[in-house]
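The values are calculated or read from the model by the stated rules, or taken from the named source; none is laboratory data. As the structure is a prediction and not an experimental result, all values here were calculated from the model. FYI the Cβ positions are ideal-geometry reconstructions off the backbone, even for glycines, and counts take in every protein chain you see. Protein only, heavy atoms only, side chains kept; ligands, DNA and RNA dropped before computing areas. Shrake-Rupley method; radii C 1.70, N 1.55, O 1.52, S 1.80 Å.
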Amino acid sequence: MPPKSKVDLYAAIRRDSRAGMSNRALQHKYGVGFRTVRKALNSVWPEPRKKLPPRRTRLDPYKGLVDEMLRADLSAPRKQRHTAKRIFDRLVAEHGADDLTYGIVRAYVAERREEIRFAAGRGVAKAFVPQSHRPGAEAEVDFGDVTIRLAGEQVKCSLFSFRLSYSGKAVHRVSASGGQEAFFEGHVHALRVLGGVPTGKVHYDNLNSAVAQVLGFNRARVETERWTAFRSHFGIDAFYCRPGIEGAHEKGGVEGQIGYFRRNHFVPVPEVGSLAELNAMVDRWDEEDEARRIRPRPRTVGEYFAAERPLLKPLPVEPFETGRLFALRVDRYGQISVRTNRYSVPVRLIGRRVRVMLHASELVVYEDGAEVARHERLMAKAGSRLVLDHYLEALVRKPGALPGSTALEQARSAGKFTPVHDAWWAAACKAHGDREGTRALIEVLLLGRHMPHEHLVAGLAAALRAGALTSDAVALEARKAAETDDTAGTAVLPQGPLPERFGQPKITSLTERRLAHLPPDTRPLPSVAVYDQLLRRRRPGGRPRPEGEEP
């Protein structure tokens, strides 16, 4: 088999020469000349192939002109520099280069532009210099998008990440949006978990939660007032990256961390009932990630963080209110509008102004310093979240508005208005009429303000079995369920007719039930004998009246 390469040919010639084969025999065997045999015997490596002199091209007369345009670009404004197309057009229009093609000019400009930039001392445009970080000094912050299934619906949320640059320890938080409330709450949670504040710079991009205006092409920024107060409270020294994709490498650690966390913990898409449940899972994942090792580091993230944690600055003692405060007026529908979404409040507040504290995942409504409503924050825009309990006072006067109300529909979807409610309601309407039956149901719903939901459902089921279709009967049976704490049968809501095995319990009065639970009375019956002396009144003269004489 002939040699595969020139190196193999040289090795074969040298091997046969050491075996005693003559030069002429080597030439005949391998079909080469005497010069090749001599070169093989003198060196194991073939001589490199000589490069042919560069061929002349049609661009040669114009290369100097192109270089001059590229050098002028070094001092020109960034958005007013020559492109390859502009250089080609100028060569044709100003120098009569009709024989050139755009492809020739484009290939030369792509190679020559970086050479001219480097020769002028501007450095290599896309060079990355490795960095070292001091323990406890630097950190990086960023947001990323994640998709989850929340209560059976697929929604997009924001993933906040705070990463220490030295150890790689990261803390994450999922919120309904990436607004300023989530930005602040993510910081508070991360600093509490880490146990301190970095002593040096914390790298940020130019997100609206922190930066109100970017000034020119330097590092100067106009910060939002709340962000200035927040970082002053915690002693955070902010460093803002270059705008756009060009500044992403200045906080590349957290950029890669978000991608790693999303690929390893959000695949497949997690299904949760609430954001609080998801954030509990995220905290557990953060603890598990301390056991991983970031290449090419010799130790784990947790080992580096153990050495870094004592070097962080201590946290301030006073808390910082991260929520956004609004003063809003309640409309005639008993609702307030917050960030394009509508939330219900008690109808007694219609026309009044209330204070709303907006957090990353919930909002709280206050009236005269007292909390009157609390809602989980809506994910989408132009939505509404209504609580049926807020409208009960109005529905007592307008019971006909209950069947088609939006609050009732949302209560059914949330599982607050169960099939037991529907069955009792239908029976009450059949017995008392639609108006009075609906009013009786509203009175039952008002009981939910003073007793647990599961006890009320148990009371409805028991009253329905007994045919007792009044709110007083439901209240009595709910108190029975509360006293016996027997809610095993209320976890599964009955569909259709109730089972016969429950029997027909007797509905007793509340007074009889209370008397039955009193301890036995062992005291003797009272005597009225001592009152007989009042019957023997004395006469006006002091003499006692004879017995049998009329007074």
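For the reader, a short list of remarks on this structure follows.
- For region 245-354, no helices (runs of 4 or more DSSP H) sit wholly inside it while including 2 or more residues that are farther than 30 Å from Tyr166 by Cβ and either β-branched (Val, Ile, Thr) or open to solvent by less than 60 Å² (accessible area, probe 1.4 Å) (or both).
- Among residues of region 40-61 that are under 30 Å from Gly96 (Cα atoms), those with a beta-carbon under 7 Å from a residue that is open to solvent by less than 100 Å² (accessible area, probe 1.4 Å) at least six positions away or on a different chain give the pairs Thr57/Ile104; Arg58/Asp99; Arg58/Leu100; Arg58/Ile104; Leu59/Leu100; Leu59/Ile104; Leu59/Val105; Leu59/Tyr108.
- In region 422-471, the residue that is surrounded by the fewest Cβ atoms within 10 Å (Cβ to Cβ) out of those that are closer than 19 Å to Leu402 by Cβ and touching a Phe, Trp or Tyr at 6+ places or on another chain (Cβ under 6 Å) is Leu464.
- Contacts under 8 angstrom Cβ, first residue in region 198-211 being free of Cβ contacts under 8 Å to residues at least 60 places away in the same chain, partner open to solvent by 40 Å² or more (accessible area, probe 1.4 Å) and part of a loop (DSSP other than H, G, I, E, B), 6 or more apart: Asn206/Pro243
- Members of region 215-244 that are hydrophobic (A, V, I, L, M, F, W, C) and either in a helix (DSSP H, G or I) or surrounded by 12 or more Cβ atoms within 10 Å (Cβ to Cβ) (or both): Trp227, Ala229, Phe230, Phe234, Ile236, Ala238, Phe239, Cys241
- Of everything listed in (1) within 25 Å of Glu321 (Cβ to Cβ); (2) more than 24 Å from the chain's Cα centre (by Cα); (3) free of Cβ contacts under 8 Å to residues at least 40 places away in the same chain, the single unmet condition for Gly235 is (3).
- Of the residues in region 63-75, at least one is part of a helix (DSSP H, G or I), free of Cβ contacts under 8 Å to residues at least 40 places away in the same chain and over 30 Å from Gly216 (Cβ atoms).
- Test: residue in region 368-380 that is touching a residue at least 40 places away in the same chain (Cβ under 8 Å), open to solvent by less than 50 Å² (accessible area, probe 1.4 Å) and under 24 Å from Ser177 (Cβ atoms): yes
- Residues (among the β-branched types (Val, Ile, Thr) and not in a helix (DSSP H, G or I)) located in region 388-436: Thr418
- Residues being part of a helix (DSSP H, G or I) and under 25 Å from Lys169 (Cβ atoms) are entirely absent from region 196-213.
- Looking across region 45-97, the residues that are aliphatic (A, V, I, L, M), at pLDDT 90 or above and more than 20 Å from Glu115 (Cβ to Cβ) come down to Val92, Ala93, Ala97.
- Residues located in region 88-114, provided they are among the aliphatic types (A, V, I, L, M), open to solvent by less than 80 Å² (accessible area, probe 1.4 Å) and in a helix (DSSP H, G or I): Leu91, Val92, Ile104, Val105, Ala107, Val109, Ala110
- Strands (runs of 3 or more DSSP E) wholly inside region 115-181 containing at least 2 residues that are under 22 Å from Asp205 (Cβ atoms), open to solvent by less than 80 Å² (accessible area, probe 1.4 Å) and among the acidic types (Asp, Glu): 139-150
- Failed item in (1) at pLDDT 95 or above; (2) within 24 Å of the chain's Cα centre (by Cα), with Met379 passing the rest: (1)
- Test result for Gly400, in contact with a helix residue (DSSP H, G or I) (Cβ under 8 Å, 6 or more places away or on another chain), open to solvent by 50 Å² or more (accessible area, probe 1.4 Å) and touching a residue at least 24 places away in the same chain (Cβ under 8 Å): yes
For (1) closer than 30 Å to Arg106 by Cβ; (2) not hydrophobic (A, V, I, L, M, F, W, C), each residue gets a yes or a no:
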site: Ala12; (1), (2): no, no
site: Met21; (1), (2): no, no
site: Lys39; (1), (2): no, yes
site: Pro46; (1), (2): no, yes
site: Thr57; (1), (2): yes, yes
site: Val66; (1), (2): yes, no
site: Met69; (1), (2): yes, no
site: Arg86; (1), (2): yes, yes
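- Only one of Pro494, Pro546 that is modelled with pLDDT under 80 and surrounded by 14 or more Cβ atoms within 10 Å (Cβ to Cβ): Pro494
For (1) in contact with a Leu (Cβ under 9 Å, 6 or more places away or on another chain); (2) under 25 Å from Ala176 (Cα atoms); (3) of a type outside the set (Phe, Trp, Tyr); (4) in contact (Cβ under 8 Å) with a residue 40 or more places away in the chain, each residue gets a yes or a no:
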residue: Ala220; (1), (2), (3), (4): no, no, yes, no
residue: Arg231; (1), (2), (3), (4): no, yes, yes, no
residue: Glu250; (1), (2), (3), (4): no, no, yes, yes
residue: Val254; (1), (2), (3), (4): no, yes, yes, yes
residue: Arg263; (1), (2), (3), (4): no, yes, yes, no
residue: Pro270; (1), (2), (3), (4): yes, yes, yes, yes
residue: Asn279; (1), (2), (3), (4): no, yes, yes, yes
residue: Asp286; (1), (2), (3), (4): no, yes, yes, yes
residue: Glu290; (1), (2), (3), (4): no, no, yes, yes
